[in-house]
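The values are calculated or read from the model by the stated rules, or taken from the named source; none is laboratory data. Only a predicted model underlies this, so the values are computations on that prediction, with no experimental measurement involved. Because the Cβ atoms are built from the backbone with ideal geometry, glycine has one as well, and the counts that use them run over all protein chains shown. Heads up: the accessible areas ignore ligands, DNA and RNA and are worked out on the full protein's heavy atoms, side chains in. Shrake-Rupley method; radii C 1.70, N 1.55, O 1.52, S 1.80 Å.
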Amino acid sequence: MLMSEANFLKSTRSLLERGRQMGDQKTIGVLTSGGDAPGMNAAIRAIVRTGIHYGFKMIGIRKGYNGLISGDFVEMTPRSVSDMLQRGGTILQTARSEAFKTEAGIQKAVKMAKSKGIDGIVVIGGDGSFKGARALSHKGISTVGIPGTIDNDIDCTEYTIGFDTALNTIKDAIDKLRDTATSHERCSVVEVMGKDAGYIAVNVGIASGAEAIIVPEREFDFQKDIFEPIMQGKKRGKKHDIVILAEGVGDAVKLARKIEAETGIEARATILGHLQRGGSPTAMDRVIASQMGAKAIEILKAGKSNRVVAMNQNKIVDFDIDEALAMEKSIDNEMLALSKILST
Ligand code: F6P
């Protein structure tokens with residue numbers, strides 16, 4: 001006869017309890033690495049609460065891989081992750097660890113993790129952070145990566161935690177810039193983040209009706225991609241121009257000066273900078289972060305390691321880290337073409 005769901009949960013819990021009493025409770029650490037992103041806290045919350053639900057002991061590792069090396073650990077309970085779903089940044093803090101890029105740093109981190117009884121670690125971050133997770137896995141610590149970066153530039157996944165919030169923050173800023181650009185009949189050049197990728201630029205360009213979107217993945221021609229759309233728009237009676245420049249291409253101030261000199265239209269540059277990384281996560285980021293956090297724990301519970309959680313065709317899946325790091329994604333040409341049609 002099939003066991004009811006309630007009985008199944010009861011017997012799983014009592015097995016876990018027995019395991020705990022016999023001293024074989026597994027310990028799982030969680031850390032955030034690289035640039036912070038809104039929604040990382042929602043992921044930490046899901047990891048801690050799902051982990052505890054399955055009977056794991058949960059440890060927060062502060063300041064990314066630096067904290068793993070120095071043993072900056074804190075035990076986490078369901079209450080340590082209360083009231084944080086709505087907060088930006090990462091309560092565990094983060095770092096771009098130089099020390100962890102060296103063999104000596106990795107060895108120290110492994111020794112530290114093992115001395116504190118850490119069996120598995122969930123790493124929330126980008127590609128660089130996943131390489132770190134792979135190194136740990138090769139040294140006997142089970143690892144799972146979760147994609148967290150506003151850039152959405154991780155090849156194995158359609159979505160990275162923080163992207164939607166950043167897009168909304170930037171869209172709000174551009175709406176304000178448009179008010180002042182229209183009032184003065186100016187061109188507003190807006191430099192957005194994204195490291196070497198243009199996913200933020202393309203999406204925010206469409207969301208804010210930009211006249212031109214310049215991304216690192218495509219060569220750009222000043223005449224064809226900027227001058228002509230601006231001049232044609234002016235002829236059609238447009239009272240402002242928005243040019244989105246991905247940071248990976250370069251200097252917004254220089255571009256604004258060139259636009260002003262060549263078109264005769266006053267131009268101003270705005271570099272949005274780190275304000276793009278802050279703020280309360282959108283509902284979408286909170287939900288996806290929660291799903292990805294829970295998935296990471298399920299992967300560890302199943303005894304798997306060297307995995308990365310990803311979104312594929314709107315489903316939460318997982319890949320081997322080596323396989324994930326070998327994948328490539330590219331800017332959507334159709335999105336770029338659409339932005340041109342819509343800005344006429
Ligand atoms: O990866 C996220 C990101 O915000 C990029 O868009 C940007 O290039 C980089 O981090 C900035 O890094 P930092 O905060 O270390 O200056």
- Message: For the stretch 57-87, give me each residue that is among the aliphatic types (A, V, I, L, M), touching a helix residue (DSSP H, G or I) at 6+ places or on another chain (Cβ under 6 Å) and farther than 27 Å from Thr165 by Cα.
- Response: Met58, Leu68, Ile69
- Item | From the options Ala201, Ala207, residue that is free of Cβ contacts under 8 Å to residues at least 60 places away in the same chain, over 30 Å from Gly105 (Cβ atoms) and open to solvent by 30 Å² or more (accessible area, probe 1.4 Å) | Ala207
- Message: Being among the small types (Gly, Ala, Ser), in a helix (DSSP H, G or I), at pLDDT 95 or above and within 18 Å of Ser129 (Cβ to Cβ) narrows it down to one residue among Ala310, Ala296, Ala256, Ala261; which is it?
- Response: Ala296
- Task: Test Glu158 against the criterion of being at negative phi, crowded, with 24+ Cβ neighbours inside 10 Å and charged (D, E, K, R), and give yes or no.
- Result: no
- Ala310 vs. criteria open to solvent by less than 20 Å² (accessible area, probe 1.4 Å) and either under 26 Å from the mean Cα position of the chain (by Cα) or aromatic (Phe, Trp, Tyr) (or both): yes
- Message: Looking only at residues that are open to solvent by 30 Å² or more (accessible area, probe 1.4 Å) and among the aliphatic types (A, V, I, L, M) in the stretch 274-298, which one is nearest to the ligand (Cβ to nearest atom)?
- Response: Leu275
- Message: Can you say whether Val190 is touching a residue at least 60 places away in the same chain (Cβ under 8 Å) and of a type outside the set (D, E, K, R), as far as the supplied structure shows?
- Response: yes
- Message: What's the total number of residues in the stretch 61-100 that are in a helix (DSSP H, G or I) and free of Cβ contacts under 8 Å to residues at least 24 places away in the same chain?
- Response: 1
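Suppose the filter is under 20 Å from Thr143 (Cβ atoms), within 16 Å of the ligand (Cβ to nearest atom) and in contact with a Leu (Cβ under 7 Å, 6 or more places away or on another chain); does Gly60 pass it?
On the way: under 20 Å from Thr143 (Cβ atoms): yes; within 16 Å of the ligand (Cβ to nearest atom): no; in contact with a Leu (Cβ under 7 Å, 6 or more places away or on another chain): yes.
Criteria not met by Gly60.
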- For Ser290, state whether it is in a loop (DSSP other than H, G, I, E, B), of a type in the set (S, T, N, Q) and more than 20 Å from Asp221 (Cβ to Cβ). no
- Looking only at residues in the stretch 108-123 that are under 15 Å from Asn66 (Cβ atoms) and open to solvent by less than 10 Å² (accessible area, probe 1.4 Å), which one is nearest to the chain's Cα centre (by Cα)? Val123
- Item | Residue check, Ile141 among the β-branched types (Val, Ile, Thr) and more than 18 Å from Ile299 (Cβ to Cβ) | no
